[in-house]
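Colleague: Questions regarding the structure given below will be posed in turn.
The values are calculated or read from the model by the stated rules, or taken from the named source; none is laboratory data. Every value quoted in this text rests on a predicted model; they were computed, and no experiment measured them. Cβ atoms come from the backbone with ideal geometry, glycine included; neighbour counts cover every protein chain shown. Calculation scope for accessible area: heavy atoms of the full protein, side chains included, ligands and nucleic acids excluded. Shrake-Rupley method; radii C 1.70, N 1.55, O 1.52, S 1.80 Å.
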Amino acid sequence: NSSYLRFSYNQNHIQNALYDTQKQLSSGKKIQFGYESSTTFIETLRLDYEETTLKQSISVSEKAKKFSDNTDTVLSQLSSTMDNFKQKLIQSANQMHSEVSLQALANDMEAMKDHFKSLANTSVGGEYLFSGSAVTTPPINADNSYGGNNEKLQGLVASSNLLTYNITGQELFYGRDSDYKKRVTTNIKNLNQTHLHPEIMHTTEKTKEPKEVYITSNDTIRDLIGDNDDDPTNDGKEYFYMQGRRSDGTFFKTKFAIDKSYYNEKSAAKVSDLLTKIGIEFGNNTQNNVVDVRLNEWGQIEITDLKSGSSSIDFHLVSADQDVEDIDDLLENGANIKEYVKSNYYTLKTLDSAKSENDLYDHRVHRLQTTLKIDDNSIATYNTDLESIFGDKVQTLRLSGNAVSGDGENPGAVVAPIDIPVAGKTVRDVVNSIKENFSTKGAPNYEDINVEFINGKFIITDKSVKNLEKDVFDPPYDGPSFFSLELETLDGAAQPVNGISNDYTVEFSRVRLEKNGSKLLANNSQIVRADDSYAIPSTKLSEVSGQSIDGQTYVMDIRDVNGQDYKINLNLSNSGSTYNITDANGNRYPPAGEEFQIYAAKSPISAVKADDITYKQFMDVIKVGLNFTNLNPANLPGTTLDQNGKDNYESSLDASKNYVEVNLDRRGKLEIQDKRIAYTKAEFSIYEKNSDKYPPNGETQEQGMISFHSNNALTIDDPHVDFFSALDTAIESVRNNIYRPDGFNTAEDFDHDVRNIGIQNSIALIDHMADHINKLHTKNGAQGNSLQYALEKNELLSVQVQSLRSTVIDTDIAYSAMRMSQLTMSYQAALQTISKVNTLSLVNYI
């Protein structure tokens, strides 16, 4: 019985072992349930989790890699198309092209631009490649604005390991390259006046043929400015009126003089001295240069900021033969003005009189150095109504001066003031009045005077001027001219009133924003000095100025959305910033002694400090001004620092938001939108109150100033990228055959081409755009490589985890088969033994 029990136990044990081995062979697993081996079960669960995680990471990596590969394909096409675009641009720089071939090139480039936009809006599987995380939104809109965001798409390719796999349209088309430098240029070409007018200026070779030779840095200041005779020793000083912004964001204004005269040309002041002086004002010294100042091939001044990544520098320059404190006095005094920068902006009427200036090279010619324009910024013609030029305030034009000599030797008679009523009169009436009153020979032919109105300017020719050398009426007409003309603008009470503006080549900041349909657009980007980023509504003005703006006063000349004129005086003070509004009739809002408050956003209620005011608060003032005639007394901004005043302030903003919107665009430029009509009646200009005032000669004034819109130097290149705007600039320069700034295809120089940088400068700009794309292409390639490495690593780890899991849970088939064989033999032996035991009886023991 004992043996039987033992054999029976062994049989059951072997039978169970056979059963377990058979299960392992049939399932391939060491265990079927956790209770069979807790260690194996727990280790298997851990490895299962690892394998699932790796599979998910592989799936994410594969999807991200596919997205990155698609992006790489599009970037390759962008790069190759950019190469073709640049080739067309370089081809157009060949000045042998006809008008037809240039149009063909421009059309090809326009088609490429459309292709760029199509590539930018590439979508795969319903997801746009360049929209950031807004993958269902097209990134580039019809107006070239960006519809996506700047958020990264990231994949979790391993524990705590996120990899970026997209390139946003923001960084691709509107990004910033910190290794690039800002470069600006003037846009009036400068010719060597001695070569152009040898008959007047040359001391020994008066019979030389006049030649257009561009000024160089080795030429004299006299060569640059010109002279009215051949004696270089009797010239005075040339006064240069300069303002701009340095690389560190500091705004400066300065006036300095350089001698034109010399006895020995070797010791004469050179153009290089002017360039050096400009560099010094920007911060150059004997030890270090912060800007590079040079002339290009057309004698235009180019300034390059040597600080990489900075977008701060700005520049404006005008010079004259008179030293004045107020730039307006140059026109009022009839100074000989030399311009360097011009923009097709409407300049505000800031003067009540202007005197004629005598041409240096043809003493017969006199001109009023201002361009008369009508209110829509187009140039006046002979038939233009005077009312549309001078506005409602001007009722009378007064002419005075000296008549032509008649005999060329004695001064003409002093002309008593002549009043011309503005109502019902045209420019032609003024032309006729000058002829009638300043001629000595009179009607019908006025043989001693000729009066023309060309490109918006009055040009008077005194025919009594002679050639001093020959004493005959052959050029050059270098004899004295005694003619002079002064134009004054008077109101209904015959009192002086501002009806005349500086020429668009002289004025810097007192200019209207450009009008584009329902929008008013500024040209100056607001750049945060700390990091050279574009300002946004929450940015403080002091963060852009780079220093305190406490005490600054700004003037806004406004025509609101209903066509009514207003002027806002904005006073920025750290004791509380305020403003007031004056209408065309002199009515002040609020009444004298009170001010509209700009309220701080935080509690308790207080006026905002100058250095804390944000662009949002600043633009709120503009919004109220542009909608002022639509405000009823209950909606006027608050004047008291209490809850009631703040409620009124917010009420005025609420009442204006449906009429006008004021914002900063993607490049930090002021943008005003009339929300009611397609072509707005609104006009807007903003300038610092003393923008026309200059410090004494030789001094420099520095101040924390904000410039929104100005007649400043053109930007050739900038660390900030604006891809589609660069394409438009290049296409326009080809279509209009603008080789360099001031190289127009039309005789009239006041049009939309004035601020085009030209084909040559566009080549440099497009080079930057191409390089920017290549950088992003390289970045995307690096991201793709990282994803590939992550994918390969995850796949390898997955294999390793599967191997470990197999070791832990999977059956060793060979071992289990051998064990099955052994157990089978043992089981059969046990059965035989038990069988024998079962057959035993007492007979076996007898």
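Colleague: Among the residues that make up the range 189-201, is at least one of them under 26 Å from the mean Cα position of the chain (by Cα), farther than 22 Å from residue 66 by Cα and not basic (Lys, Arg)?
Modeller: Within the range 189-201 (the criterion being under 26 Å from the mean Cα position of the chain (by Cα), farther than 22 Å from residue 66 by Cα and not basic (Lys, Arg)), the answer is no, since none of the residues qualifies.
Colleague: So which strands (runs of 3 or more DSSP E) stay within the range 434-534 end to end and still have 2 or more residues that are free of Cβ contacts under 8 Å to residues at least 60 places away in the same chain?
Modeller: In the range 434-534, 449-454 are the strands (runs of 3 or more DSSP E) which contain 2 or more residues that are free of Cβ contacts under 8 Å to residues at least 60 places away in the same chain.
Colleague: Looking only at the range 546-563, decide whether some residue is in contact (Cβ under 8 Å) with a residue 12 or more places away in the chain, open to solvent by 50 Å² or more (accessible area, probe 1.4 Å) and among the aliphatic types (A, V, I, L, M).
Modeller: Looking for residues that are in contact (Cβ under 8 Å) with a residue 12 or more places away in the chain, open to solvent by 50 Å² or more (accessible area, probe 1.4 Å) and among the aliphatic types (A, V, I, L, M), one finds none in the range 546-563, hence no.
Colleague: Please work out which one of (1) of a type outside the set (D, E, K, R); (2) surrounded by fewer than 22 Cβ atoms within 10 Å (Cβ to Cβ); (3) part of a loop (DSSP other than H, G, I, E, B) is the condition residue 673 fails and give its number.
Modeller: (3)
Colleague: Suppose we filter 763, 686 for residues that are in contact with a strand residue (DSSP E or B) (Cβ under 8 Å, 6 or more places away or on another chain) and either at negative phi or among the β-branched types (Val, Ile, Thr) (or both); which single one remains?
Modeller: Exactly one of 763, 686 is in contact with a strand residue (DSSP E or B) (Cβ under 8 Å, 6 or more places away or on another chain) and either at negative phi or among the β-branched types (Val, Ile, Thr) (or both), namely 686.
Colleague: Does the range 613-635 include one or more residues that are exposed (fewer than 15 other Cβ atoms within 10 Å of the Cβ) and in contact (Cβ under 8 Å) with a residue 40 or more places away in the chain?
Modeller: Yes: the range 613-635 contains one or more residues that are exposed (fewer than 15 other Cβ atoms within 10 Å of the Cβ) and in contact (Cβ under 8 Å) with a residue 40 or more places away in the chain.
Colleague: Scanning the range 321-335 for residues that are part of a loop (DSSP other than H, G, I, E, B) and open to solvent by 30 Å² or more (accessible area, probe 1.4 Å), which turns out farthest from residue 228 (Cα to Cα)? I'd like the intermediate steps shown before the answer.
Modeller: Step one: filter the range 321-335 for residues part of a loop (DSSP other than H, G, I, E, B), giving 321-325, 327, 334-335.
Adding the requirement that they be open to solvent by 30 Å² or more (accessible area, probe 1.4 Å) leaves 321-323, 325.
Numbers: 321: 12, 322: 15, 323: 19, 325: 25 Å.
Here the answer is 325.
Colleague: Let me ask something else about it. For residue 75, all conditions in the list (1) in contact with a Phe, Trp or Tyr (Cβ under 8 Å, 6 or more places away or on another chain); (2) at pLDDT 95 or above hold save one; what is the number of the exception?
Modeller: The single condition residue 75 does not satisfy is (1).
Colleague: Continuing with the same structure: Considering the range 582-597 alone, what residues qualify as being over 16 Å from residue 645 (Cβ atoms) and without any contact (Cβ under 8 Å) to a residue 60 or more places away in the chain?
Modeller: 582, 583, 585, 586, 587, 588, 592, listed by residue number.
Colleague: In the range 180-218, how many residues are out of contact with any Ser or Thr (no Cβ under 9 Å at 6 or more places or on another chain) and aromatic (Phe, Trp, Tyr)?
Modeller: So the answer is 1.
Colleague: If residue 224 passes every condition in (1) within 21 Å of residue 192 (Cβ to Cβ); (2) open to solvent by 10 Å² or more (accessible area, probe 1.4 Å) but one, which one does it miss?
Modeller: Residue 224 satisfies every listed condition except (2).
Colleague: Continuing with the same structure: From the list 517, 492, 456, pick out the single residue that is open to solvent by less than 10 Å² (accessible area, probe 1.4 Å) and over 18 Å from the mean Cα position of the chain (by Cα).
Modeller: 456
Colleague: From (1) out of contact with any strand residue (DSSP E or B) (no Cβ under 6 Å at 6 or more places or on another chain); (2) farther than 30 Å from residue 498 by Cα, pick out the condition that doesn't hold for residue 344.
Modeller: Result: residue 344 fails condition (2) only.
Colleague: Kindly provide the set of residues from the range 526-537 that are touching a strand residue (DSSP E or B) at 6+ places or on another chain (Cβ under 9 Å) and over 18 Å from residue 617 (Cα atoms), ordered by number.
Modeller: Correct list: 532, 533.
Colleague: Scanning for something surrounded by fewer than 15 Cβ atoms within 10 Å (Cβ to Cβ) and of a type in the set (Gly, Ala, Ser), does the range 85-96 turn up at least one residue?
Modeller: Taking every residue of the range 85-96 in turn, none turns out to be surrounded by fewer than 15 Cβ atoms within 10 Å (Cβ to Cβ) and of a type in the set (Gly, Ala, Ser).
Colleague: Filtering the range 662-690 down to residues that are at pLDDT 95 or above and among the hydrophobic types (A, V, I, L, M, F, W, C), which residue is farthest from the chain's Cα centre (by Cα)?
Modeller: The extreme case among them is 682.
Colleague: While we're on this one: Given the options 422, 404, name the one that is more than 20 Å from residue 480 (Cα to Cα), in contact with a strand residue (DSSP E or B) (Cβ under 8 Å, 6 or more places away or on another chain) and open to solvent by less than 30 Å² (accessible area, probe 1.4 Å).
Modeller: Selected residue: 422, the only one of 422, 404 that is more than 20 Å from residue 480 (Cα to Cα), in contact with a strand residue (DSSP E or B) (Cβ under 8 Å, 6 or more places away or on another chain) and open to solvent by less than 30 Å² (accessible area, probe 1.4 Å).
Colleague: Separate question: Restricting attention to the range 213-232, report how many residues are among the aliphatic types (A, V, I, L, M) and either free of Cβ contacts under 8 Å to residues at least 12 places away in the same chain or under 17 Å from residue 302 (Cα atoms) (or both).
Modeller: Number of matching residues: 2.
Colleague: When the range 292-304 is examined, which residues are found to be in a loop (DSSP other than H, G, I, E, B), among the polar types (S, T, N, Q) and surrounded by fewer than 22 Cβ atoms within 10 Å (Cβ to Cβ)?
Modeller: Result: 296, single match.
Colleague: Oh, and also: Mind checking which residues of the range 372-390 are in contact with a strand residue (DSSP E or B) (Cβ under 7 Å, 6 or more places away or on another chain), part of a loop (DSSP other than H, G, I, E, B) and surrounded by fewer than 19 Cβ atoms within 10 Å (Cβ to Cβ)?
Modeller: Of everything in the range 372-390, those that are in contact with a strand residue (DSSP E or B) (Cβ under 7 Å, 6 or more places away or on another chain), part of a loop (DSSP other than H, G, I, E, B) and surrounded by fewer than 19 Cβ atoms within 10 Å (Cβ to Cβ) turn out to be 382, 383.
Colleague: In the range 812-824, is there at least one residue being open to solvent by 80 Å² or more (accessible area, probe 1.4 Å), modelled with pLDDT of 70 or more and of a type in the set (Lys, Arg)?
Modeller: The answer is no; no qualifying residue exists.
Condition check ((1) surrounded by 21 or more Cβ atoms within 10 Å (Cβ to Cβ); (2) within 22 Å of residue 527 (Cα to Cα)) across all residues:
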| site | (1), (2) |
| --- | --- |
| 306 | no, yes |
| 313 | yes, yes |
| 319 | yes, no |
| 345 | yes, no |
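Colleague: Which of (1) within 19 Å of residue 354 (Cα to Cα); (2) assigned to a loop (DSSP other than H, G, I, E, B); (3) touching a Ser or Thr at 6+ places or on another chain (Cβ under 7 Å) is the odd one out, the single condition residue 393 does not satisfy?
Modeller: Against the list (1) within 19 Å of residue 354 (Cα to Cα); (2) assigned to a loop (DSSP other than H, G, I, E, B); (3) touching a Ser or Thr at 6+ places or on another chain (Cβ under 7 Å), residue 393 comes up short only on (3).
Colleague: Looking at residue 295, is it under 19 Å from residue 188 (Cβ atoms) and not β-branched (Val, Ile, Thr)?
Modeller: yes
Colleague: In the range 535-545, what count of residues is obtained for those that are open to solvent by 10 Å² or more (accessible area, probe 1.4 Å) and outside any loop (DSSP other than H, G, I, E, B)?
Modeller: 3
Colleague: If you check residue 233 against the conditions, is it over 23 Å from residue 525 (Cα atoms) and assigned to a loop (DSSP other than H, G, I, E, B)?
Modeller: Numbers: over 23 Å from residue 525 (Cα atoms): yes; assigned to a loop (DSSP other than H, G, I, E, B): yes.
Judged against the criteria, residue 233 is a match.
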